[in-house]
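First the structure, in the form of structure tokens, and then the observations on it.
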Amino acid sequence: MAAKSCSRARTEPPTAPGVRTQSALRRTPPRFRRASPAASCSPFWAGAQVGLEPGDPLGALRSALAFDEFFDQRIFTLSAGMRQRLAIFCAFLTRPRAVLLDEPFNWLDPICAFDTKQALGALVAAEGLTLVTALHDLTSLVHHCSAGVFLSDGRIRRLLGPKEMAEGQRDYAAFEAEMIAGLRDDTRHG
């Protein structure tokens, strides 16, 4: 079978005969290969300013995620951090009352992560939104969440309310040591 020519330069290193490789393009589902964030969000976001009034909390999130920087790029060309930004932003486009984000700050650079946490806090306050985030970062938990739940092996190991969160903010080192010791003890005694 003859190889199809492509106008784009090959990005994979050559391999020995019989060795199979997978490029990022081949791992990307076909429906996303030509899509851009603009196309992905088109039912909700037909243009750069559609649907956002001055002072709209989504505007702050859009700015924190630097969404305009990659709005017209094809999704498969985006880095992992840019894809994470797109996923976070798209989660809020329908103005849901509750959102679950799994590791939302992974792949984000420190500036974007900080700005996104601030924008999400403002969005929760302005919209009365319930935001549930799965985190492995105790610092984000203590400083950006109003409550917490520790899970281990599919079981709830500890519930943290406003009092525990305030204590963690006052003395983060002691909070972290206490949480880690408790989790270690829970995993030993199952």
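Every number here is computed from the coordinates shown, using simple stated rules; none is lab data. Computed from a predicted model, the values in this text were never measured in an experiment. All Cβ positions, even for glycine, are placed from backbone atoms using ideal geometry, and neighbour counts span all protein chains on display.
Other residues lying with their Cβ under 13 Å from the Cβ of Phe105 contribute a combined charge of -3, Lys and Arg counting +1, Asp and Glu -1. Taken as Cα centroids, region 115-190 and region 74-110 sit 20 Å apart, rounded to the nearest whole angstrom.
Phi angles of region 137-148 translate, via the Karplus equation with coefficients 6.51, -1.76, 1.60 and θ = phi - 60°, into HN-Hα couplings of 10, 5, 4, 5, 4, 5, 8, 10, 10, 8, 7, x Hz per residue; Gly and Pro are given as x.
In this structure the amide hydrogen of Asn106, modeled in the peptide plane, comes within under 5 Å of no amide hydrogen from residues 5 or more places off or on another chain.
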